[in-house]
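Please treat every number below as a calculation from the coordinates, not as lab data. Since this is a predicted model, take the numbers as computed values, not measurements. Note that each Cβ is placed from the backbone with ideal geometry, even for glycine, and that neighbours are counted across all protein chains shown.
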Amino acid sequence: MTTPVIGVQGLRCRYGEFEAVRGIDLEVQAGELFALLGTNGAGKTTTLETIEGHREPSGGVVRVFGRDPLQDRSIRRRIGIMLQEGGFAGDLTVRETAELGRALTARPSDVDESLAAVGLAGRREVRVRQLSGGERRRLDLALALLGEPDLLFLDEPTTGMDPESRRATWDLVRGLLARGTTVLLTTHYLEEAERLAHRLAIMHEGRIAVSGRLVDVLAAHRARISFDAGRDVALPPLAGTAEVTGTHVEIRTPDLQRDLHALLSWADGRVELSGLRAHHASLEDVFQGVREEALVA
């Protein structure tokens, strides 16, 4: 069996009496993008810092390329890290900042190529303090890519980027995956995880609440149908359950095609389904389900 690029078993992390991570397991295989998601304070950043080798776990086992990232410093030359905050010197230019990063990299690559890859070729001589928030994030990404890493950590990579830059970053990440790079991503943009992730885990209060392949995670949650009937109606038999508020109807169904067909057949010539929407579960639905289950518990 192939050794995973990242292997975590029973990870626990404490800050004094507070346990931020409460015994989680996860694996990331070579060449995949794994999205680690969660509510604020769920323990994502602590988990990431521990896997990167920046923090000692309170319990459990962490392995990167089959080795302990805290003890084996040779791992560092194979990884690239994009932090939430780069902490750049504002008086340096973009090129000078990249050159400094290159000097600290064990497997340095071409600075101009890295800046061009993130769309900063035309901003090379601009001082960092003059960059927009989105441009600084792109510079963070360029520095993370300088060592041509086998494993790339992306912590909220597109925060502050405009939609065009965000899509360009997604395309760049897809290109890295196509070349065999392994990526561990954290993001608050659920669409980002839906577009990029092969597998994912959602953390809540230090534990993993949901995990698996993206397609399986979404398939485990019910699809939605919603519309406004304009008047009170008696719905046909459905596989799902309906919630009626006045004239507005929300249906949660395990069989979207069957219930949509039944609904349209029933409505034909009888009632207009104004604002009809039908869609499979999204990560937002899954996320909301995690919150609701936590409230009930």
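In the chain, the longest principal axis of the Cα atoms and the axis of helix 133-145 are about 60 degrees apart. Put a dot 7 Å past the Cα of Glu17, heading toward its Cβ, do the same for Ser132, and the two dots end up 4.7 nm apart.
Using a cut-off of 14 Å between beta-carbons, work out the net charge of the residues near Gly275 (Lys and Arg +1, Asp and Glu -1, Gly275 not included). Here the charged neighbours net out to -1. A simple spin-label model places pseudo-atoms 7 Å from Cα toward Cβ; at His279 and Asp25 they are separated by 3.4 nm.
Taking every DSSP bridge with both residues inside the chain, close to 70 percent are antiparallel. The ellipsoid equivalent to the alpha-carbon distribution of the range 6-218 has semi-axes of 28, 19, 16 angstrom, derived from the gyration tensor eigenvalues as √(5λ) and listed largest first.
Computed from Cα atoms, the angle from the helix 163-178 axis to the main principal axis of the chain rounds to 70 degrees.
With the Cα gyration tensor of the range 222-280 giving a ≥ b ≥ c as the square roots of its eigenvalues, does the rule (a/c under 1.5 for rounded; else a/b larger than b/c for prolate; else oblate) give rounded, prolate or oblate? It is prolate, given that a/c is not under 1.5 and a/b is the larger ratio.
If you plug the beta carbon distance of His261 and Glu164 into 1/(1 + (r/R0)^6) with R0 = 51 Å, you get a FRET efficiency near 0.85. Relative protection proxy for 265-273, 52-60, from highest mean packing down: 52-60, 265-273 (other beta-carbon atoms within 10 angstrom). The alpha carbons of the range 112-229 occupy a box of 56, 40, 29 Å along the principal axes, longest dimension given first.
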